[in-house]
Amino acid sequence: MKDYYLILGVSRGATTRQIRRAFRRRVKELHPDVGGPTADSAAFREVAEAYATLGRPERRRSYDALLARRESPPPPPPRRRRTAHGAAREIALEVVLSPREAREGGVFSLVVPLRGPCDACGGWGGFLGVCPRCGGWGECETRLAFDLVVPPGAPAASRLECPLDAWGVPGARLTIFLRTAPGVPD
Ligand SMILES: [Zn+2]
């Protein structure tokens, strides 16, 4: 990304009038017809391009915003996640069964959205700069899909716990609160 301010030789805070003046001065220096032997058409085009942007307040604003984004310092390297080192994460889920479902049991397909370690960088956040997949956080949104098998005659309220290491989410534990509610349709 070119620095149009540098090309025109003005400060970032220059007024439109100062920019116009700087443009005219640079044109005189560079224009093929005026500049004679020092003329440089590539440089002239660059100056014209710079003025076309900085000389128009609306374009200048978008350019400034872009410039600020480009020049903002890179995000600090993410800290390793504590969850990868033991602190268990609790994922709780409530499953409400109808009286018939509780009585007869069944297999219920569930999908739990959760954040898991990024498989692109292995949860590290990136080796060669910031990982493009997870943005350096080491975690990505994943979906945990599984079938919950409820045996017939499930108690009105039960609590099931399952560590998720085997599901690819180390250090996390899934707790399912199973309850039966009379008003729930089958
Ligand atoms: Zn990653």
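Taken together, the values in this text are just the output of simple stated rules run on the coordinates, not laboratory data. Bear in mind that the values here come from a model prediction, so they are computed numbers and not experimental data. Cβ sites come from the backbone with ideal geometry, for glycine too, and all protein chains shown count toward neighbours.
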Residue-count net charge about V150 - beta-carbon cut-off 12 Å; Lys, Arg +1, Asp, Glu -1: 0
Angle in degrees between helix 57-71 and the longest Cα principal axis of the chain, rounded to the nearest 10: 60
Length added when fully stretched, R20-E58, from 0.36 nm per residue minus Cα-Cα: 12.2 nm
Residue-count net charge about L67 - beta-carbon cut-off 13 Å; Lys, Arg +1, Asp, Glu -1: +4
Cα-based radius of gyration of the chain once divided by 2.2 N^0.38 Å, which approximates compact folds: 1.93
Of all DSSP beta bridges in the chain, antiparallel share, percent nearest 5: 70
Rel. contact order, % - alpha carbon contacts under 8 angstrom, at least six apart, the range 80-180: 40
Among P99, Y4, G136 - extreme Cα towards positive end, dipole of the chain, charges at beta-carbon: Y4
The range 91-108 - phi-based ³J(HN,Hα) in whole Hz, Karplus 6.51/-1.76/1.60, Gly and Pro as x: 10, 10, 9, 10, 10, 9, 9, 7, x, 5, 4, 5, 6, 9, x, x, 10, 10
Cα-centred dipole magnitude for the chain, charges only on beta-carbon of K, R (+1) and D, E (-1), debye, nearest 20: 1260
